[in-house]
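**Student:** Supplied in structure tokens, the structure appears directly below.
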Amino acid sequence: MSDTVESVIVAIDGPSGTGKSSTSKAVAAKLGLSYLDTGAQYRAITWWMIANGIDVQDPEAVADAAGKPAIVSGTDPAQPTITVDGEDASGPIRTQEVTSKVSAVSAVPEIRARITELQRSIAAAAPQGIVVEGRDIGTTVLPDADLKIFLTASAEARAARRAGETKGADLSATREALVKRDAADSSRKASPLAKADDAVEVDTTDLTLQQVIECVVTLVEEKRTAAR
Ligand code: DC
């Protein structure tokens with residue numbers, strides 16, 4: 001466990017549409033922990049690249065610019081924030097354009113090195129501990145996390161959830177885009193989407209969000225009790 005008995009670091013990884021964000025925020029709020037959405041950081045740096053005319057298909061150009069934008073994440077689970085050079089980026093990072101380009105940007109090793117360092121410093125500074133959600137948190141960013149969860153769900157369930165979040169979205173197009181992005185995130189060389197050997201896998205296909213939250217809260221509490 002982390003330095004005090006109550007402090008706990010939880011890594012929640014998995015592909016898109018498995019309920020990572022909703023689960024992570026709710027677990028953090030319930031347990032009084034900070035919360036970090038690492039996907040939002042990759043989206044934020046992608047948004048900056050697009051806004052600054054960088055060709056996101058050119059890894060060298062992306063690498064050269066990797067250190068330029070200042071990315072700041074607010075870690076209150078009730079109101080997570082993200083700014084780029086002081087500007088609120090929470091809306092623009094959810095556009096279709098950013099979603100379709102984020103895998104290319106996040107595959108560049110210089111981008112990953114920069115964002116990983118940021119993530120580690122945020123986690124180290126969280127007073128009571130933190131829930132960090134992403135793709136490579138348990139494997140690469142925080143390999144010593146107290147608890148690692150890997151959420152999965154069928155592609156159908158994930159697409160249905162994502163389409164439900166986006167008004168007027170077409171289910172089969174959503175499924176196709178999601179499967180394509182997961183394949184890119186899983187096959188890249190630099191810290192791909194992967195389950196850590198010591199992660200607990202939770203298949204959320206047939207579970208309600210409330211059931212997933214309860215399951216993770218129970219696992220955290222078990223860890224805390226075992227560490228006392
Ligand atoms: O969780 P999300 O859909 O907002 O993540 C957006 C993208 O960011 C995802 O397709 C891959 C990338 N990502 C990553 O490479 N590593 C992480 N730890 C989190 C996200």
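What follows is calculated from the coordinates using simple rules that are stated; it is not laboratory data. Only a predicted model underlies this, so the values are computations on that prediction, with no experimental measurement involved. Methodologically, a virtual Cβ is constructed for each residue, glycine included, from the backbone with ideal geometry; neighbour enumeration extends over all protein chains shown.
**Student:** Tally up the residues in the stretch 112-130 that are assigned to a helix (DSSP H, G or I) and either closer than 20 Å to residue 67 by Cα or in contact (Cβ under 8 Å) with a residue 12 or more places away in the chain (or both), please. Talk me through it step by step, then tell me what you get.
**Tutor:** Of the residues in the stretch 112-130, the ones assigned to a helix (DSSP H, G or I) are 112-125.
Adding the requirement that they be either closer than 20 Å to residue 67 by Cα or in contact (Cβ under 8 Å) with a residue 12 or more places away in the chain (or both) leaves 112-123.
Selection size over the stretch 112-130: 12.
**Student:** Assuming residue 37 fulfils every condition listed in (1) more than 18 Å from residue 151 (Cβ to Cβ); (2) within 16 Å of the chain's Cα centre (by Cα) apart from one, which condition is it?
**Tutor:** Here residue 37 meets the rest and fails (1).
**Student:** Need pairs with beta-carbon distance below 6 Å; first residue without any contact (Cβ under 8 Å) to a residue 60 or more places away in the chain and within the stretch 26-43, second within 13 Å of the ligand (Cβ to nearest atom) and not in a helix (DSSP H, G or I); sequence gap 6+ or separate chains.
**Tutor:** Here the result reads 40/82, each pair linking the stretch 26-43 to a residue that is within 13 Å of the ligand (Cβ to nearest atom) and not in a helix (DSSP H, G or I).
**Student:** Filter the stretch 187-208 for residues that are away from the ligand (no atom under 16 Å from the Cβ) and of a type outside the set (S, T, N, Q); which is farthest from the chain's Cα centre (by Cα)?
**Tutor:** Initial filter on the stretch 187-208 (away from the ligand (no atom under 16 Å from the Cβ)): 197-198, 200-203, 205-208.
Cutting the leftovers down to of a type outside the set (S, T, N, Q) gives us 197-198, 200-203, 206-207.
Working: 197: 19, 198: 18, 200: 17, 201: 16, 202: 16, 203: 17, 206: 22, 207: 20 Å.
Restricting to residues being away from the ligand (no atom under 16 Å from the Cβ) and of a type outside the set (S, T, N, Q), the top hit is 206.
**Student:** Step by step: first the residues of the stretch 66-97, then only those that are among the acidic types (Asp, Glu) and assigned to a strand (DSSP E or B), then the one that is surrounded by the most Cβ atoms within 10 Å (Cβ to Cβ). Which residue is that?
**Tutor:** 87
**Student:** Please enumerate the residues belonging to the stretch 196-210 that are among the polar types (S, T, N, Q) and in a loop (DSSP other than H, G, I, E, B).
**Tutor:** Residues satisfying the conditions are 204, 205, 208.
**Student:** Considering only residues that are touching a strand residue (DSSP E or B) at 6+ places or on another chain (Cβ under 7 Å) and among the basic types (Lys, Arg), which ones fall in the stretch 17-35? Break it down stepwise before answering.
**Tutor:** Looking only at the stretch 17-35, we keep the residues that are touching a strand residue (DSSP E or B) at 6+ places or on another chain (Cβ under 7 Å), and these are 18-21, 23-25, 27-28, 33-35.
Passing the criteria: 20, 25.
**Student:** Okay, moving on. Here's a check for you: in the stretch 131-159, which residue that is outside any loop (DSSP other than H, G, I, E, B) and free of Cβ contacts under 8 Å to residues at least 60 places away in the same chain is surrounded by the most Cβ atoms within 10 Å (Cβ to Cβ)?
**Tutor:** 140
**Student:** If the Cβ limit is 8 Å and pairs must be 6+ apart or interchain, which residue in the stretch 215-228 that is among the aliphatic types (A, V, I, L, M) pairs with which residue that is assigned to a helix (DSSP H, G or I)?
**Tutor:** Final answer for the pair search is 216/23; 216/27; 217/27; 217/30; 217/31; 220/27; 220/31.
**Student:** Which pairs turn up if I take residues in the stretch 174-194 that are without any contact (Cβ under 8 Å) to a residue 60 or more places away in the chain and look for partners that are near the ligand (Cβ under 9 Å from one of its atoms) and in a helix (DSSP H, G or I) with beta carbon separation below 8 Å, at least 6 apart in sequence or on another chain?
**Tutor:** Listed by first residue and then by second, the contacts come to 192/185.
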